[in-house]
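The values are calculated or read from the model by the stated rules, or taken from the named source; none is laboratory data. For clarity, every value in this text was computed on a predicted model and none was experimentally measured. For neighbour counting, all protein chains shown are included, and Cβ atoms are generated from backbone atoms with ideal geometry for every residue, glycine included. Please note that ligands, DNA and RNA were not included when accessible areas were found on the heavy atoms of the full protein model with its side chains. Shrake-Rupley method; radii C 1.70, N 1.55, O 1.52, S 1.80 Å.
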Amino acid sequence: MAGIYIHIPFCKSRCIYCDFYSTTLSRDYMVLYAQALEREMCLRKLYIECTRVHSLYIGGGTPSLLPTEVLTNIFAAIGRHFSLVPGAEVTIEANPDDVTPDWLKGLSHTPVNRISMGAQTFNDSLLKLLGRRHNAQQIADAVQACKEAGITNISLDLIYGLPGQTFEDWQHDVQLALSLGIKHLSAYALSIEPGTPLDTSPYKRELEGAQYEELSRRMYNYLMSTTKQAGFLHYEISNFALPGFHSRHNSSYWQGIPYLGLGAGAHSYDGHRERRANLPDIKAYINATEDVPHETEELSDEDLYNEFIMTRLRTSKGIPLNELPEEDCQYCLSLAKPHMRNKLLCVQDDHLCLTKEGIFTSNDIISDLLKVDFN
Ligand code: SF4
């Protein structure tokens with residue numbers, strides 16, 4: 001099993017909280033970029049040792065900005081170099097305001113069977129403050145349009161802990177999202193990333209302190225209970241899905257399955273010890289004649305242990321203790337003991353998992369279980 005991620009680093013404008021690699025370059029670059037993507041496919045298709053893939057994820061940036069003919073060209077190139085296994089999950093990210101009948105018509109000629117939409121909130125003032133281009137009505141309209149076009153496997157992204165967002169605003173967001181009949185919900189606490197406009201904005205001060213922490217905790221608690229009542233499974237700290245609709249692509253990241261990342265700024269993992277990051281430089285990517293500019297990292301035993309802990313503990317299944325070498329398992333359990341005594345971690349069916357209470361301090365718990373390199 002293997003997956004492909006294709007990064008589309010184009011956005012119409014930049015949102016104030018975002019640190020993903022994207023540019024606001026014009027349509028001409030999109031055509032050149034699609035050609036460069038095929039060049040990279042040609043060069044690197046054996047990176048994951050097999051050209052049959054079970055998941056394909058087109059993310060960004062804003063892939064829904066690509067003109068239909070460019071998107072069609074990208075899928076044609078994928079078809080020339082890879083084969084999707086029957087039933088493969090093929091996701092594209094979309095901004096609600098791009099989801100027009102024409103765009104959906106273009107999509108109907110591709111294998112896309114899942115749409116991940118960046119809703120973020122249904123509060124129009126907050127959307128404006130974040131620099132989003134859409135309004136709440138456009139989210140509802142876009143979901144409806146996707147369903148009418150036959151794509152019912154829809155995921156929405158929401159953000160909580162926004163500047164000025166009240167608990168009632170968040171209740172409204174969660175309820176509205178679930179009322180749209182989506183199959184998957186990703187919800188993230190707003191994080192202030194260095195170098196983003198949010199980091200230097202006057203809102204930043206509002207997003208700190210015990211009161212803000214407490215509000216975020218209440219919001220997350222509400223999210224967990226409301227999605228549960230609606231039949232969603234909480235399968236990863238930030239991800240909720242109806243049975244059978246978890247993101248197979250993201251799940252493979254958390255299971256150590258190899259994936260090939262194509263495009264400027266895309267990351268790859270060879271399934272063994274190599275992680276590779278293409279440099280976030282679209283012009284260098286387009287102009288490359290051989291392999292695109294990138295950096296690789298050889299993972300040490302310690303890195304592999306740490307990644308195993310970090311990714312698995314975020315999932316509801318937890319860390320499969322029997323997959324750890326005996327020595328690492330004992331090490332992990334000895335560090336887990338204080339958290340188990342405090343009922344933040346527990347062992348179920350030979351898996352070490354976060355308890356409901358433990359989820360609230362998951363970052364601290366995860367870092368307590370890691371191996372630290374003092375060299
Ligand atoms: S959040 Fe999405 S639309 Fe906004 S700047 Fe980032 S990648 Fe672009």
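Only protein heavy atoms count here; on that basis, with a 1.4 Å probe, Arg14 has an accessible area of about 90 Å².
A Förster radius of 45 Å, combined with the Cβ-Cβ distance separating Met310 from Asp102, puts the computed FRET efficiency at roughly 0.60. Ranking Pro197, Leu130, Pro338 by how far each Cα lies toward the positive end of the dipole of the chain (charges on Cβ) leaves Leu130 at the top. The candidates Ser225, Ser247, arranged from most to least accessible area with a 1.4 Å probe in the full protein assembly, appear as Ser225, Ser247.
Carbon-plus-sulfur accessible fraction, the range 15-131 (probe radius 1.4 Å, protein heavy atoms only): 55%. In this view, the solvent-accessible surface of Thr100, computed with a 1.4 Å probe and all protein chains in place, comes to about 60 Å². Under the simplified labelling scheme, the His109-Ser26 pair shows an inter-label distance of 2.5 nm, with each label point 7 Å from Cα along Cα→Cβ. If the label point is 7 Å along Cα→Cβ of Arg273, which residues in the range 288-310 have backbone nitrogen under 14 Å from it? Residues 297-305 fall inside that zone. For the range 136-159, the residues whose amide N sits under 17 Å from a probe point set 7 Å from the Cα of Ala230 along the beta carbon direction are 136-147, 152-159. When the Cα centres of the range 90-119 and the range 37-55 are compared, how far apart do they sit, in Å? Here the answer is 23 Å between Cα centres. Evaluated with a Cβ-only charge set (Lys, Arg +1; Asp, Glu -1), the range 325-375 carries a dipole of roughly 300 debye about its Cα centre, given to the nearest 20. Rolling a 1.4 Å probe over the protein heavy atoms gives the range 195-275 an accessible area of 49 Å² per residue.
Charge dipole (Cα centre; +1 on Lys/Arg Cβ, -1 on Asp/Glu Cβ; no other charges) of the chain amounts to roughly 980 debye.
Computed on the range 301-375, the Cα convex hull volume stands at 85 Å³ per residue. Sparsely packed loop sites in the range 185-261 (the GluC sites (Glu not before Pro) outside DSSP H, G, I, E and B with at most 14 other Cβ atoms within 10 Å) comprise Glu208.
Relative contact order of the chain: 16 percent, from C-alpha pairs under 8 Å at least 6 residues apart in sequence.
Considering only Gly231, Tyr253, Ala77, the residue lying farthest towards the positive end of the dipole of the chain is Gly231, judged by Cα position with unit charges set on Cβ. Near Ser238, once Lys and Arg are set to +1 and Asp and Glu to -1 for all other residues with Cβ below 10 Å from its Cβ, the sum equals -1. Accessible area per residue for the range 301-375, computed on protein heavy atoms with a 1.4 Å probe, is 59 Å². For a straight C-alpha distance cut-off of 23 angstrom, the lysines reachable from Lys283 (same-chain residues fewer than eight places away being disregarded) are Lys12, Lys45. With the simple spin-label model, which puts each label point 7 Å out from Cα in the Cβ direction, the Glu298 to Thr166 separation comes to 5.8 nm. Here the gap between Thr152 and Met1, fully extended at 0.36 nm per residue and compared with their Cα-Cα distance, gives a gain of 51.9 nm.
Over all directions, the projected convex hull of the C-alpha atoms in the chain averages 19.1 nm² in area. Entry comment: accessible area of the range 76-187 is 37 Å² per residue, from protein heavy atoms only and a probe of 1.4 Å.
Using heavy atoms of the protein chains and a probe of 1.4 Å, the accessible area assigned to Glu148 is about 140 Å².
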